[in-house]
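To start, the structure itself, in structure tokens.
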Amino acid sequence: MDAEAWDERYGTAERVWSAEPNRWVVREAAGLAPGRALDLAAGEGRNALWLARRGWRVDAVDFSPVAVRRIADAAARHAQDLGAGGRGSVRAEVADVTRYPAEEAAYDLVLLSYLHLPAREMAGVLGTACRAARPGGTLLLVGHDAANLAHGTGGPQDPGVLTDVGQVRAAWEPCAVLLVAEVARRPVGDAVALDTVVRAVRR
């Protein structure tokens with residue numbers, strides 16, 4: 001799906017995704033000391049805004065101009081809250097994460113939340129994420145797991161773009177120490193979705 005298709009999708013509803021941050025992002029990032037964060041494929045910015053409210057300075061990147069405008073508008077509406085004490089902020093940018101020239105060794109947290117790409121492109125973005133994290137910084141990926149197709153609900157139906165722990169491990173173990181690497185069960189109404197959750201610390 002390209003940027004125009006996502007623009008069209010975002011344009012059909014006031015919100016496509018929940019305004020609340022992802023539960024695994026909250027679980028894995030709530031205990032981190034605020035610093036600089038990079039949210040790759042930020043969508044409508046729910047995780048970026050949550051981080052900013054906790055004092056993070058977030059660079060939120062997405063290839064959909066409609067989504068990025070939503071992030072920027074939300075950040076402007078909440079600027080007083082986000083900037084309390086001169087701390088939290090969100091800078092939203094339109095860019096293709098598969099070609100994004102992220103600043104190297106600059107971020108205390110690099111987040112990929114439900115970014116789904118073919119394996120080769122995904123490997124490139126995982127590499128970008130690792131290079132962007134500073135030594136000691138956190139890498140965090142959350143995505144629809146490959147097992148979700150047969151044993152879960154929702155998410156992409158193309159097995160070629162689903163995530164799995166082995167894929168992320170192969171990309172991040174050379175540069176980071178994995179602390180969490182699991183398939184997590186996320187309630188969706190009466191059903192369950194299976195998510196890949198990987199958190200690592202950059203060497």
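Being part of a strand (DSSP E or B) and within 19 Å of V180 (Cα to Cα) is the filter here, so list the residues in the range 104-137 that pass it.
The answer is D108, L109, V110, L111, L112, S113, A133, R134, P135, G136, G137.
Would you pick out the residues in the range 67-88 that are within 12 Å of G45 (Cβ to Cβ) and either in a loop (DSSP other than H, G, I, E, B) or of a type outside the set (K, R) (or both)?
A67, V68, I71, A72, D73, A74, A75, A76, H78, L82
Would you confirm, using the coordinates I've provided, whether A60 is touching a Gly at 6+ places or on another chain (Cβ under 7 Å), under 27 Å from V177 (Cβ atoms), aliphatic (A, V, I, L, M) and surrounded by 18 or more Cβ atoms within 10 Å (Cβ to Cβ)?
Numbers: touching a Gly at 6+ places or on another chain (Cβ under 7 Å): yes; under 27 Å from V177 (Cβ atoms): yes; aliphatic (A, V, I, L, M): yes; surrounded by 18 or more Cβ atoms within 10 Å (Cβ to Cβ): yes.
So A60 passes the test.
Please work out which one of (1) surrounded by 23 or more Cβ atoms within 10 Å (Cβ to Cβ); (2) farther than 15 Å from R203 by Cα is the condition A79 fails and give its number.
(1)
How many residues are modelled with pLDDT of 95 or more, surrounded by 21 or more Cβ atoms within 10 Å (Cβ to Cβ) and more than 9 Å from the chain's Cα centre (by Cα) when one looks only at the range 23-44?
So the count comes out to 4.
Go through the range 79-94 residue by residue and tally those that are touching a Leu at 6+ places or on another chain (Cβ under 9 Å) and at pLDDT 80 or above.
Residues in the range 79-94 being touching a Leu at 6+ places or on another chain (Cβ under 9 Å) and at pLDDT 80 or above: 3 in total.
Which of the residues belonging to the range 145-161 are within 25 Å of V177 (Cβ to Cβ) and either under 19 Å from the mean Cα position of the chain (by Cα) or crowded, with 19+ Cβ neighbours inside 10 Å (or both)?
Listed by number, the residues that qualify are D145, A146.
Output the number of residues of the range 138-187 satisfying the condition of being closer than 22 Å to P118 by Cβ, without any contact (Cβ under 8 Å) to a residue 60 or more places away in the chain and in a strand (DSSP E or B).
The total comes to 7.
Looking only at the range 187-196, decide whether some residue is of a type outside the set (G, A, S) and in contact with a Leu (Cβ under 6 Å, 6 or more places away or on another chain).
no
The values are calculated or read from the model by the stated rules, or taken from the named source; none is laboratory data. Just so you know, these numbers come straight off a predicted model, no measurement behind them. Here Cβ is always computed from backbone atoms with ideal geometry, including for glycine, and neighbour counts include all displayed protein chains.
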